[in-house]
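> So that we are looking at the same thing, I have put the structure below in structure tokens.
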Amino acid sequence: MTSLTLRRPDDWHLHLRDGDSLRAVLPFTARQFARAVVMPNLKSPVTTVDAAAAYRERILGALPAGAAFEPLMTLYLTDATSGDEIRKAKASDFVVGAKLYPAGATTNSDSGVTAISRIYPALEAMESCGLVLQVHGEVTSPDVDVFDRETRFIDEVLVPVIERFPRLKVVFEHVTTRAAVEFVRSRRENVGATLTPQHLLLNRNAMFQGGIRPHLYCLPVLKREHDRQALLEAATSDDPRFFLGTDSAPHARHAKENACGCAGVFSAHAAIELYAEAFEQAGRLPQLEAFASLRGPDFYGLKPNTGTITLVRDQWQPPAVYRFGDAELVPFRAGEAIAWRIDDSRTS
Ligand code: DOR
Ligand code: ZN
């Protein structure tokens, strides 16, 4: 296959940041994706519908001229999120979900949820009004091994939540383990999962290949090859519950190449191309459209996009760095070959 045309995709999990950083990264996403679920973990988290509306306006204001892109917003759940705020979110036409960050699990999660029972009122409201729960699925206690945090979260948090709120729509975000894939498969259609390009393409060896590789450090951290194989099988299968969410998470180069480096892989510059490589590896390139463009909207109850993008087999190399406000941003696969590229002249 030398070219592949697919319905315009959406990114169901994306970090855009704010200010100059937002302006630096947004064009990459808007070039490929028609819509994206924009994560609310700003330095001052997006905990209310009013804050989400203001952030949405800043995103729209940062779009390059002529770009057609719709930010889909999500609220950052805290111990104090009320049922009223959830109903207000559902009544808006731009908030599609609310995000559970266990406090301390990842970047800007300090205001996150300290015990799952604290958000039962919010979850009850979400279940009854049909707002999607997006989950960062890792336990945080320091005695749990970092590679076991996702698996432990399934038993300790996710199972109790799903059993208590059986009609709640849940997206287990950026799943990284075979156990998570098996868990999603074992549940009803209202439990889905997103998958990132880095977790489909790499196992944890990549983080230590020839020395420590801070630009491949993200959370949840890369796992074993045995896990990667399960993720690739799930993404490329016909199961409608697995869909695209890049978790593209830009941090300035100096914040990653640091004695205490930030978590996050920036992949928005080449997202669909990277997924194409993974699907091709699995011999399942024709399934890319379902994963990237159809199953996400279906899960969220939205229509698929009408336009198309076309990928061509034509090698290119991302640069060593992109500008990122006053700083630099090192993209995934900097200076390395990527097999597919988007032919912008065939975007409709
Ligand atoms: O690697 C990550 N980076 N994982 C997250 O959960 C958050 C993200 C970020 O915001 O940088
Ligand atoms: Zn994320």
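Here, each number is a calculation from the coordinates, and none is a lab measurement. Note that the coordinates shown come from a computational prediction; the quantities given were computed from them, not determined experimentally. Positions of Cβ are generated from backbone atoms using ideal geometry, with glycine treated the same way; all protein chains shown enter the neighbour counts.
> What are the ³J(HN,Hα) values, in whole Hz, obtained from phi via the Karplus relation 6.51 cos²θ - 1.76 cosθ + 1.60 with θ = phi - 60°, for each residue of region 246-262 in sequence order, with x given for Gly and Pro?
5, 6, 4, 9, x, 9, 4, 3, 5, 7, 8, 8, 8, 4, 10, x, 6
> At what distance in nm do the modelled label points of residue 92 and residue 144 sit from each other, each positioned 7 Å from its Cα along Cα→Cβ?
3.0 nm
> Test of understanding: given the chain, find the longest segment containing no trypsin sites (Lys or Arg not before Pro) that are in a DSSP loop and have at most 13 other Cβ atoms within 10 Å. Don't jump to the answer; show the numbers that get you there.
Details: sites that count: 43, 167, 188.
Looking at the chain, 189-348 is the longest stretch - no exposed trypsin sites (Lys or Arg not before Pro) with at most 13 other Cβ atoms within 10 Å.
> If the chain between residue 233 and residue 208 were fully stretched, how many nm would it gain, using 0.36 nm times the residue separation less the Cα-Cα distance?
Values: separation 25, 0.36 × 25 = 9.00 nm, distance 2.47 nm.
Working it through step by step, the gained length comes to 6.5 nm.
> Run down the lysines and flag those whose C-alpha is under 24 Å from the C-alpha of residue 99, throwing out any fewer than 8 positions away in its chain.
43, 88, 90, 169, 223, 303
> So, one more: Evaluate the Debye formula for region 12-108 with equal point scatterers sitting on the alpha carbons, no solvent, and hand back log10 of I(q)/I(0) at q = 0.24, 0.25 Å⁻¹, in q order, two decimals.
The calculated log intensity ratios at q = 0.24, 0.25 Å⁻¹ are -1.30, -1.38.
> Also, quick follow-up: Efficiency by 1/(1 + (r/R0)^6): what FRET value for residue 163 and residue 82, r their Cβ-Cβ distance, R0 = 30 Å, to the nearest 0.05?
Values: r = 23 Å, r/R0 = 0.78.
Working from the Cβ atoms, E equals 0.80.
> Still on this structure: Principal axes first, then extents: for the Cα atoms of the chain, list largest minus smallest coordinate on each axis, whole Å, largest first.
Largest first, the chain extends 51, 44, 43 Å along its Cα principal axes.
> Here's something else I'd like to know. Take every Cα pair under 8 Å in region 139-232 that's 6+ residues apart, average their separations, divide by the length, and report that relative contact order as a whole percent. Numbers along the way, then the final one.
Values: 105 pairs, mean separation 28.9, N = 94.
Computed over region 139-232, the figure is 31 percent.
> To continue, here is another question. Rounded to the nearest 0.05, what FRET efficiency do residue 334 and residue 58 have when you use their Cβ-Cβ distance and R0 = 22 Å? Working shown, then result.
Details: r = 28 Å, r/R0 = 1.26.
That gives a FRET efficiency of 0.20.
> For every other residue with a beta carbon closer than 11 angstrom to the beta carbon of residue 37, add +1 if it is Lys or Arg and -1 if Asp or Glu, then tell me the sum. Let's see the in-between values first.
Numbers: positive: 35, 99; negative: 10, 11, 70, 173, 247.
With Lys, Arg at +1 and Asp, Glu at -1, the neighbours total -3.
> Beyond 15 Å, what percent of the Cα pairs of region 263-348 remain? Walk me through the numbers on the way to the answer.
Values: 2412 of 3655 pairs.
Considering region 263-348, 66 percent of its Cα-Cα pairs are separated by more than 15 Å.
> Quick one: if you stick a label point 7 Å off each Cα along the C-beta vector at residue 128 and residue 308, how many nm between them?
In this crude spin-label approximation the distance works out to 4.6 nm.
> Can you work out the FRET efficiency for the pair residue 348 and residue 255, with r the C-beta to C-beta distance and R0 = 51 Å, to the nearest 0.05? Walk me through the intermediate numbers first.
On the way: r = 38 Å, r/R0 = 0.74.
So, using R0 = 51 Å, E works out to roughly 0.85.
> Only helical DSSP H runs with n ≥ 4 go in: add -39500 (n - 2.57) per run for the chain, normalise by residue count and round the 222 nm mean residue ellipticity to 500 deg cm²/dmol. Display every interim value, and only then the final one.
Values: 12 runs with 104 residues, N = 348.
The per-residue figure over the chain is -8500 deg cm²/dmol.
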